[in-house]
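This report refers to the structure that appears directly beneath it.
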Amino acid sequence: MVAAAVFVSNLDLFIVNVALPAMGRHFPGSTLASLSWVLNGYAIVFAALLVPAGRLADRIGHRTGFLVGLALFTLSSALCALAPGVGALVAARLLQAVGAALLMPTSLALLLAATAPERRAGAVRAWASIGGIAAGLGPVVGGLLVEADWRWVFLVNLPVGLAALLAGLRVLPRTPRPEAGPLPDLTGALLLTAAIAALAVGLVKSDAWGWSSPRVIGSLLAAAALTGWFLRRSARHPAPVVELPLLRVPVFAAANATALLFTVAFAGMLLTSVLWCQQVWGYSALRTGLAIAPGPLLVPPIALAAGPLLRRLGHGRTAAAGLVLFAAGIAWWLLTVRPAPGYAAELLPGMLLTGAGVGLTLPTLIGAAAGALPPTRFATGSAVTTMARQIGAVVGVAVVVSVLGTPHGAPQALDAFRHGWLAVLVATASALVAALLLVAAQRRAGQH
């Protein structure tokens, strides 16, 4: 039950990327900058509401929270499919993100409540692997659905969501609610939402408005001011969105910083590869999904096989090795990809290298962050890590949109995408520096 709902919500992150060019063709006059909010609006709201939604579910019950989240996700999927324009589609995606924010923490809580203590570690690994499976299947499933119509990437959620709702009412256990604590900091969540949105606006619109324009500068200054206000409020609120003492744990802070920066690079890699295949090479959505799939499909087996390397090198060095592989894949594209299609010699090697890099890096960082905290803080710490990754995804998409602009013709497109891949390499190099800080933090903490 839980796996079905979590799979659909994870799948949605990957199939929408493949559908983006089809949406642009369907809505005349839409630009990449406006369509980017279909991705970023979802990620911003999900990031900001993940922790408050989990705390709210603690008060109303995990079963109730899960079912409400599933109902919202299913309803908003229908609204996405019926959207008459980009604005309505973005609004429906925001509602979908609210549902997903309720789904994710309650799904894990329900799973743990229904699992014997000695089997919970395996249950958590299985729950976490659902995202990897969705990542592997997402591009291909998205390509198949877009061949019929882009609206099917949302309509496919309806039968799964309705079946899960009906089954959930019968089979989900009623878990005891903990004592009511303070209400979650919804004002803080709004501040964080506004801060990330202002940053994304400044980055996305920098090409159209100009980096020195008052609107871009104002957006970036507003993002900084709102972030400061959010941190000040989080330090004082009894149930903040981010518990700041967690960030004073060096290993946890370094792992999350690395995860955030790496997700900037990952989101940029995924969006540029989709746009390159469809807009420059002229691939269909299905062919694009098949072209991208080898990378994500490598992630689960690489992650499972990384155990011996992790025991030998430790989290920081293993993540650093993954980042080097990821950077090598991007560098391969930078040096080899040309406007004339050459998939086997150009795109595929880079896709395999980046997939192997993700498989080594992302699960390792999630494990390092979780392992740095006591078991009583695992749920909150995992939510903070997920939030950091979503913020990274917003920044990655915004940076790529800003760098690509609106190129005309193959030579301009090649130049624009090379700048995009350079930006991804810069983000990867920044993540590598953070991974080395993680190595140092683990050494000081006496960890391997």
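From the phi of every residue in region 184-196, what ³J(HN,Hα) in whole Hz does the Karplus formula 6.51 cos²θ - 1.76 cosθ + 1.60 yield, where θ is phi - 60° and glycine or proline is x?
x, 7, 6, 5, x, 4, 5, 4, 5, 4, 5, 5, 5
Could you tell me whether region 43-156 comes out rounded, prolate or oblate from its Cα gyration tensor? Rule is a ≥ b ≥ c as square roots of the eigenvalues, rounded for a/c under 1.5, then prolate if a/b exceeds b/c, otherwise oblate.
Cα axes put region 43-156 in the oblate bin.
Say each of Leu183 and Arg232 gets a label point 7 Å from the Cα, pointing the same way as Cα to Cβ; how far apart are those two points in nm?
2.2
Could you tell me which residue out of Leu365, Gly316, Thr115 lies farthest along the dipole of the chain toward its positive end? Charges go on the beta carbon: Lys and Arg +1, Asp and Glu -1, centred on the Cα centre.
Thr115
At 1.4 Å probe size, put Ser34, Ser273 in order of accessible surface, largest to smallest. Intermediate results must be reported in sequence, preceding the final value.
Values: Ser34 40, Ser273 0 Å².
Most to least solvent-accessible, the answer reads Ser34, Ser273.
Using θ = phi - 60° and the Karplus relation 6.51 cos²θ - 1.76 cosθ + 1.60, list the HN-Hα couplings for region 163-168 in order, rounded to whole Hz, with x at every Gly or Pro.
Values, residue by residue: 5, 5, 4, 4, 5, x Hz.
Just how much of Ile302 is accessible, in Å², when a 1.4 Å probe is used and the result is rounded to the nearest 10?
Estimated to the nearest 10 Å², Ile302 gives 50 Å².
Expressed in nm to one decimal, what extension gain is obtained for the pair Arg338 and Ala445 from 0.36 nm per residue of sequence separation less their Cα-Cα distance? Please report the intermediate quantities before stating the final value.
Working: separation 107, 0.36 × 107 = 38.52 nm, distance 4.71 nm.
Additional length available on full extension: 33.8 nm.
Taking the highest mean first, how do the peptides 155-167, 420-432 order by number of other beta carbon atoms within 10 angstrom per residue? Don't skip to the end; give the middle numbers.
Numbers: 155-167: 17.2, 420-432: 22.0.
Ranking, from highest mean packing down: 420-432, 155-167.
Tell me, what is the percent relative contact order of region 169-292, built from C-alpha pairs under 8 Å that lie six or more residues apart? Don't skip to the answer; put the middle values down first.
Working: 75 pairs, mean separation 25.7, N = 124.
Averaging sequence separation for qualifying contacts and normalising by length gives 21 percent for region 169-292.
Could you give the dipole magnitude of region 250-404 about its Cα centre, charging the beta-carbon of Lys and Arg +1 and that of Asp and Glu -1, in debye to the nearest 20?
Numbers: 7 positive and 1 negative charges, 55 e Å.
It works out to roughly 260 debye.
Using a 1.4 angstrom probe with every protein chain in place, what is the largest-first accessible-area order of Met104, Met269?
Details: Met104 30, Met269 10 Å².
Output order, biggest surface exposure first: Met104, Met269.
Relative to the Cα centre, what is the charge dipole magnitude of the chain, using +1 at the beta carbon of each Lys and Arg, -1 at the beta carbon of each Asp and Glu, and rounding to the nearest 20 debye? Could the numbers behind the result be given before it?
Working: 28 positive and 11 negative charges, 198 e Å.
Dipole about the Cα centre, nearest 20: 960 debye.
Ranked from highest to lowest mean number of other Cβ atoms within 10 Å per residue, what is the order of the peptides 60-68, 244-252?
On the way: 60-68: 20.6, 244-252: 15.9.
The densest-packed peptide leads the list: 60-68, 244-252.
The values are calculated or read from the model by the stated rules, or taken from the named source; none is laboratory data. Just so it is clear, the model here is predicted, and its values are computed rather than measured. Every residue, glycine as well, gets a Cβ built from its backbone with ideal geometry; the counts of neighbours run over all protein chains shown. Keep in mind that these areas ignore ligands, DNA and RNA; they rest on the heavy atoms of the full protein, side chains included. Shrake-Rupley method; radii C 1.70, N 1.55, O 1.52, S 1.80 Å.
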